[in-house]
Amino acid sequence: MATFIKGDDNISKYKNSVYYADKSIGDFIEWAKKTNWWKNTLVIMVADHCGRVSETQPVFTTELFKIPMIWTGGAVKTIGKTVAMHGDQTDIPITLFSQLGLDGKFPFGKDLFSDGSNSYSFYTYNEGFGFVTDSSIYVYDHKLKDKVIKEGRGADFAEKAGKAYLQVLFDDYLKR
């Protein structure tokens with residue numbers, strides 16, 4: 001594929017990789033729509049993390065961890081619905097089970113389509129973690145041994161919830 005964005009710097013290379021991935025996925029979806037199995041297909045697309053869009057952007061910024069999730073396919077009955085709830089990849093199994101009418105057990109997920117689910121997300125990066133709600137953000141850096149972001153209404157809750165979530169994840173990991 002030809003280079004779409006001119007330049008040999010890291011940001012131009014990153015933007016070209018995004019263009020290539022987007023075009024490849026788009027081409028695949030357009031092809032799949034023409035198959036006889038498309039009507040029974042659900043495609044869930046979600047990134048594992050965002051890419052840096054600036055060489056000077058701090059590694060802990062919450063902007064790096066905002067990622068879209070797209071549900072598409074012939075099996076999708078509701079078109080154009082946007083869910084603004086904070087969530088993460090661990091929410092996919094519960095959300096999918098709920099849509100299929102299945103009873104699923106997964107300790108780290110919530111149903112993103114349920115009004116009864118709390119809106120929050122948890123993320124980690126090499127040196128720390130973040131916990132985000134609709135009204136607060138808490139980000140802790142292990143190297144600095146301190147918070148790097150604590151803001152919003154309910155930031156004390158976000159701090160405690162983030163630390164507790166990390167501890168539960170770590171305990172679960174050690175059991176396996």
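What follows draws every value from the coordinates through simple rules; no lab data is involved. As the structure is a prediction and not an experimental result, all values here were calculated from the model. Every residue, glycine among them, receives a Cβ derived from its backbone with ideal geometry; neighbour counts consider all protein chains shown.
Overview of values
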{"read-out": "Phi to ³J(HN,Hα) by Karplus 6.51 cos²θ - 1.76 cosθ + 1.60 over region 91-106, Hz, x for Gly, Pro", "value": "7, 4, x, 5, 4, 5, 4, 4, 5, 8, x, 9, 9, x, 10, 8"}
{"read-out": "Pairwise FRET efficiency - VAL83 versus TYR165, Cβ, R0 = 22 Å, nearest 0.05", "value": "0.60"}
{"read-out": "Per-pair calculated FRET efficiency, R0 = 22 Å: SER12 and VAL76 via Cβ, rounded to 0.05", "value": "0.05"}
{"read-out": "LYS39-GLU63 FRET efficiency (beta carbon distance; Förster radius 22 Å; 0.05 resolution)", "value": "0.05"}
{"read-out": "Simple label model, 7 Å out from Cα along Cβ direction - TYR19 to PHE106, nm", "value": "3.5"}
{"read-out": "Dipole moment magnitude, nearest 20 debye, the chain about Cα centre, only Lys, Arg, Asp, Glu C-beta charged", "value": "360"}
{"read-out": "Lysine pair number, Cα distance threshold 20 Å (strictly under), region 119-176, separation 8 or more or different chains", "value": "9"}
{"read-out": "Nearest-20 debye value, region 119-176 charge dipole, Cβ charges on Lys, Arg, Asp, Glu", "value": "140"}
{"read-out": "Proximal lysines relative to LYS6, as straight alpha-carbon distance under 20 Å, when same-chain residues fewer than 8 apart are discounted", "value": "LYS15, LYS23"}
{"read-out": "Whole-Å semi-axes of the ellipsoid equivalent to region 104-166 (Cα gyration tensor, √5λ, descending)", "value": "22, 14, 8"}
{"read-out": "Distance histogram in 10 Å bins (all Cα pairs of the chain, percent per bin)", "value": "8, 28, 32, 24, 8, 0"}
